[in-house]
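Okay, structure first, notes after.
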Amino acid sequence: MPCLLLFFAFAVRAGAAQQLTVGIAPTFDAGSDESGPAVVQHLALNIYNDLLKSGAYQPELLGPGGVYSPFDTSWLLDYVHDRQDLDLLLLATLKPNGKGGVLVVDVGLLNAHTGEAISSWTATSDVSTKKGMFKALGTTIRAESGIASSRGFSMSSLGQATSRVADSVRDLLPTRAAGVKAAVSTPTVPAPATSAPPRLCLMHTRITYAYKHAVSRSHLLQVNDLDQTSTVNDGVSLFQLAEGPTVLQFTLNDAPYTMSKQPLCQWSTVHSCEKSTVIIDLGKQGDAHLHWE
């Protein structure tokens with residue numbers, strides 16, 4: 001029996017070694033539509049969720065800051081230069097809508113270590129074209145925060161088209177990334193040993209301007225699609241959260257420093273009750289660097 005268990009454990013590690021870690025850059029809005037901010041927010045999230053559920057990849061949402069552009073990837077490569085766990089960088093760019101209201105997205109894959117272009121393609125999806133639809137969907141963005149409501153968007157024609165584009169990225173990724181070997185064999189989220197529900201425990205978040213030795217005291221915060229803004233007190237938030245994959249979304253409302261802010265920053269991590277405080281340090285270019293304490 002011990003030999004059988006040892007073999008099983010080895011098989012699990014070998015399987016984990018096949019998982020590619022995919023860093024998902026913020027979807028770049030190169031379109032000209034009022035609904036663009038909602039589309040780019042949800043496309044990145046949909047791709048993350050699709051890859052996570054597939055079990056074949058370890059996706060991570062990245063926050064390279066307000067100067068990021070898919071047309072010059074030097075900043076993105078510098079941003080991830082110390083992330084030896086990343087195998088691929090996935091870049092998506094929302095283009096102007098095609099004729100008949102077609103959603104058009106350019107997708108690119110880079111080697112996260114060398115910056116070498118691995119593959120590129122265009123994903124499209126038809127959208128119902130009721131008059132004023134795109135403009136109306138722009139109003140799903142909460143004007144005070146810039147964080148789009150997921151509920152209404154996901155049920156809309158544009159939201160469903162965005163979801164289909166994300167599905168196509170997931171389905172094409174095995175072919176487009178063929179031959180790329182995973183650099184790290186440790187899975188981001190270990191498979192649970194039992195069917196017990198995940199533990200609930202307290203989680204703190206703190207957003208800092210490290211280069212200014214300052215803390216953000218005015219920001220809006222969503223964690224796993226739940227608004228936690230009201231829990232922010234003197235720059236620190238406190239709430240209960242289940243262990244597991246966690247997506248943080250925030251917008252900054254502090255008095256402006258000399259930095260290029262992203263309108264919306266999205267970061268993914270894994271919450272564990274072993275460490276309860278996540279620190280997000282922002283650099284001069286708005287680049288986010290996350291660590292747990």
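Within the set 179, 286, the sole residue that is modelled with pLDDT under 90, in contact with a Cys (Cβ under 9 Å, 6 or more places away or on another chain) and not hydrophobic (A, V, I, L, M, F, W, C) turns out to be 286. Residues in segment 240-248: is at least one farther than 22 Å from residue 23 by Cβ, out of contact with any strand residue (DSSP E or B) (no Cβ under 8 Å at 6 or more places or on another chain), surrounded by fewer than 14 Cβ atoms within 10 Å (Cβ to Cβ) and not hydrophobic (A, V, I, L, M, F, W, C)? The answer is no; no qualifying residue exists. Taking segment 68-174 as the region of interest, the helices (runs of 4 or more DSSP H) fully inside it that hold 1 or more residues being modelled with pLDDT of 95 or more are 74-79. Scanning segment 225-278 for residues that are assigned to a loop (DSSP other than H, G, I, E, B) and either farther than 24 Å from residue 29 by Cβ or among the small types (Gly, Ala, Ser) (or both) yields 228, 232, 234, 235, 243, 255, 260, 273, 274, 276. Among the residues making up segment 46-64, those that are in contact with a strand residue (DSSP E or B) (Cβ under 7 Å, 6 or more places away or on another chain) and either in a loop (DSSP other than H, G, I, E, B) or not aromatic (Phe, Trp, Tyr) (or both) are 47, 51, 52, 58, 59, 60, 61, 62, 63. Among the candidates 41, 58, 84, the residue that is within 23 Å of residue 283 (Cβ to Cβ) and under 15 Å from the mean Cα position of the chain (by Cα) is uniquely 41. The set of residues in segment 189-213 being of a type in the set (S, T, N, Q) and modelled with pLDDT of 85 or more consists of 205, 208.
The values are calculated or read from the model by the stated rules, or taken from the named source; none is laboratory data. None of these values were measured; they are calculated from a predicted model. Heads up, the Cβs are rebuilt from the backbone with ideal geometry, glycines too, and the neighbour counts pull from every protein chain shown.
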